[in-house]
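> Quick one: structure below, then a few questions.
Since every read-out is calculated from the coordinates, none of them should be taken as a lab result. All values reported here derive from a predicted model rather than from experimental measurement. Because the Cβ atoms are built from the backbone with ideal geometry, glycine has one as well, and the counts that use them run over all protein chains shown.
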Amino acid sequence: MKRCPGKSRLGFTLVELLVVIAIIGVLVGLLLPAVQAAREAARRMSCTNNLKQIGLALQNYHSAMRAFPQSGVLGVGGTPNPQLPYHYTWCFAILPYIEQTTIYDATDKSIRVWGQPVVSHRVPSFLCPSDAGYKKASETHGISVTNYAGSEGYHWWREAWLGNWWNPPYLNDVGDTADFSGLFTIGRDMTMADITDGTSNTIVVAESESYGFKWGKGLWDRPPGSNTGKRRLRGGEAVFRSAFVFAPVCGEGAELGWYRFPDGNNRPGGCSWFRAGPHAFTPTYLTAWGPNNEWPGASSMHSGAINVARGDGSVSTIAANIDPVVWMIINGVADSKNPVAGKGIDEN
């Protein structure tokens, strides 16, 4: 049968179809980065909202208790053995102030936290939406995770600086007057009056993603580096922050005389993790290791940035490659006598 002259052709030729597909592919390729950037911007905003809730919760806790919560509560004062393994954290203490009163009231504070339902209780306000790592208690030995850690300051204990040891040699000219402790330095009860550098100038909580970093160059190097390390692998070497269980290791346990794990077992001498990898660590960080540097430090899944909350409840974003000396300074509660501080260094 002959084709009628002038009859319109139906459909595309193969070449035309391939051209259309190619154009669509290019458009999708151009659009995808914009979509991903928009999604990350939304996740980062959600993260800052979480930190805002935590910052305000700390303010409300202080108003009610006339002090900020301790980083960890291992015992009850006045008992024959004040070092009983109670292991409640500052995250647990602020639960009533982030609309988690039910689980707080259901927890028996007169006994150790381990074995109680709160240990595995998942609180969305403690989780950064950009962290695609560990969030399920089934992956973390039955322990819930927080992506927000409290600042211990320079090291595990205040005397690390004031005793003029464990400090980088190039900062020895500071002497014994500056205190680089953080709001959640182990074994200290902090109040607003202790933040002599000013609450708006002092970082008290920062992000801590659920893998951790390694091999970064930071305060220990001469000169200090940009704090950028390599993200730890999922599984055996990952380190996550435990939300409600104070799980000590190294300076958090051995040097301070807390010789029991949260489950009541005696811990061996030296450094040892409470659980096999992924390892549980307390919901705190040290500024001796800067952002994205090593597992004791703060860390973030946001590219090139880390969100923080300050002592006045405000929230800001800090560049992940911040000068490690500046990072140490803006986390310290009482380092105003430090000759490096207050010289207009841009922390962003």
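> Per residue of the stretch 315-331, in order, report the coupling 6.51 cos²θ - 1.76 cosθ + 1.60 (Karplus, θ = phi - 60°) as ³J(HN,Hα) in whole Hz, putting x for Gly and Pro.
10, 8, 10, 10, 5, 5, 9, 4, 4, x, 5, 5, 4, 4, 5, 6, 9
> Under 5 Å between amide H atoms, partner at least 5 residues away or on a different chain: which partners does Phe274 have, H built in plane at 1.01 Å?
Under 5 Å from the amide H of Phe274: Ala280.
> Whole-Hz Karplus ³J(HN,Hα) for the stretch 48-63, in order, using 6.51 cos²θ - 1.76 cosθ + 1.60 and θ = phi - 60°, x for Gly and Pro?
5, 5, 4, 5, 5, 4, 5, x, 5, 4, 5, 4, 5, 4, 4, 4
> In addition: Compute the whole-percent fraction of alpha carbon pairs in the stretch 179-248 spaced more than 14 Å apart. Before the final figure, lay out the partial values.
Numbers: 1761 of 2415 pairs.
Of all Cα-Cα distances in the stretch 179-248, 73 percent exceed 14 Å.
> Still on this structure: Asp335's amide H: which non-local residues (gap 5+, or another chain) put their own amide H closer than 5 Å, with H modeled 1.01 Å from N in plane and none for Pro or chain starts?
Sorted by chain and number, the residues that satisfy this are Asp179, Asp197.
> If you plug each phi of the stretch 192-205 into the Karplus form 6.51 cos²θ - 1.76 cosθ + 1.60 with θ = phi - 60°, what whole-Hz ³J(HN,Hα) values come out, in order, with x for Gly and Pro?
4, 5, 6, 8, 6, 6, x, 5, 6, 9, 10, 7, 10, 9
> Now a separate question. Taking amide H atoms as placed 1.01 Å from N in the peptide plane, list the residues 5 or more away in sequence, or in a different chain, whose amide H sits under 5 Å from that of Val204.
Amide H neighbours of Val204, under 5 Å, 5+ apart: Ala309, Arg310, Gly311.
> Over the Cα atoms of the stretch 102-145, compute the convex hull volume and normalise it per residue, giving Å³. Walk me through the intermediate numbers first.
Details: hull volume 3.0 nm³, N = 44.
It comes to 68 Å³ per residue, whole-number rounded.
> With a Förster radius of 45 Å, plug the Cβ-Cβ distance of Ile23 and Ala137 into 1/(1 + (r/R0)^6) and report the FRET value to the nearest 0.05.
Given R0 = 45 Å and the Cβ-Cβ separation, E is 0.40.
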